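Here is the structure we will look at.
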Amino acid sequence: MMDRHLKELLNDQFNKELYSAYLYMDFADYYHARGLHGFGNWYDVQVQEERDHAMLIRAWMLKRGETIELLPIAKPDKTITGNADPLHFALAHEQYVTGLIHTLHAAAEAAGDADTAAFLNWFVNEQVEEEENATTMITHYDRAVAADSLELLDITLKHRRWKAPSLTVNVY
């Protein structure tokens, strides 16, 4: 049986990952509505990744004989006033999620749950990639605006495709 506090944190993270998907869907819709479909595509892929993260946590919980409590998912609360805003909001959000993952990992170690700590190592590494991607998007955006080539960057971003996560959790 999983430590109660760790189980609560994992359940909370599951729901936070779904919130992340909502947030990125809001960003995607913002860009699509402005004809920046490459940027919209970038965040559409992010939506899929966040959903996958939630499903990995769910699968882990099921594998461990636990269940997920489905909680209400809050509406994104960011007010977007310009094209750069979602990029900066995304970086801040990923930094927040990194803190959550580190807290989860520490809780797994404190509970003596080496299996869950090992499972969470994938998420620790994933967050390094997520923060790097968010930072790179800001850099590319700033360079594109400075060079008056935002349309070219938008076209490039249309080519991003979703890939299933490299971590799999077999439940059945």
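A short reminder: the numbers here are calculations on the coordinates, not readings from a lab. Just so you know, these numbers come straight off a predicted model, no measurement behind them. Cβ placement follows ideal geometry from the backbone for every residue including glycine, while neighbour counts extend to all protein chains displayed.
List of remarks:
- Net charge dipole size for the chain [Lys, Arg +1 and Asp, Glu -1 on Cβ; Debye, nearest 20]: 400
- Rounded to the nearest 20, the Cβ-based charge dipole of the stretch 42-81 about its Cα centre (Lys and Arg +1, Asp and Glu -1) stands at 120 debye.
- 3J(HN,Hα) along the stretch 140-151: 5, 4, 4, 5, 5, 5, 4, 9, 6, 10, 4, 5 Hz, from the Karplus curve 6.51 cos²θ - 1.76 cosθ + 1.60 with θ = phi - 60°, whole Hz, x for Gly and Pro.
- If you take the Cα centroid of the stretch 100-172 and the Cα centroid of the stretch 45-86, the two points sit 13 Å apart.
- DSSP-loop GluC sites (Glu not before Pro) across the stretch 1-84, with at most 16 other Cβ within 10 angstrom: GLU66, GLU69
- Each label was represented as a point 7 Å from its Cα along the Cα-to-Cβ direction; for GLU131 and LEU152 these points are 3.1 nm apart.
- By the count of other C-beta atoms within 10 Å, a proxy for reagent exposure, LYS163, LYS78, LYS7 are ordered fewest to most as LYS163, LYS78, LYS7.
- Across the chain, Cα pairs under 8 Å and at least six residues apart give a relative contact order of 33 percent.
- In sequence order, calculated HN-Hα J values of the stretch 50-59 (Karplus, 6.51, -1.76, 1.60; Hz; x Gly/Pro): 5, 4, 4, 4, 4, 5, 5, 5, 4, 4
- Highest-fluctuation residue, VAL124, VAL145, VAL45 considered, GNM on the chain with Cα pairs under 10 Å: VAL145
- Pairwise Cα distances in the stretch 1-98 exceed 24 Å in 28 percent of cases.
- Within a Gaussian network of the chain (alpha carbon springs, distance under 10 Å), most fluctuating of LYS16, LYS158, LYS75: LYS75
- Across the stretch 110-121, rounded Karplus estimates of 3J(HN,Hα) from the backbone phi angles (6.51 cos²θ - 1.76 cosθ + 1.60, θ = phi - 60°) give 5, 7, x, 9, 4, 5, 5, 4, 5, 4, 6, 4 Hz, Gly and Pro being marked x.
- The chain - mean residue ellipticity at 222 nm from DSSP helices (-39,500 (n - 2.57) per run, n ≥ 4, rounded to 500): -25500 deg cm²/dmol
- Of the residues TRP42, LEU70, LEU10, the one whose Cα sits farthest toward the positive end of the charge dipole of the chain, with +1 on the Cβ of Lys and Arg and -1 on the Cβ of Asp and Glu, is LEU70.
- Of all lysines in the structure, the ones whose alpha carbon falls short of 25 Å from that of LYS158, not counting any fewer than 8 places away in one chain, are LYS78.
- Calculated Rg and Dmax of the Cα atoms in Å (choose from (i) 17.2, 57; (ii) 15.6, 49; (iii) 16.1, 56), label: (i)
- Set of lysines with alpha-carbon distance to LYS63 below 27 Å, sequence-local pairs under 8 removed: LYS7, LYS16, LYS163
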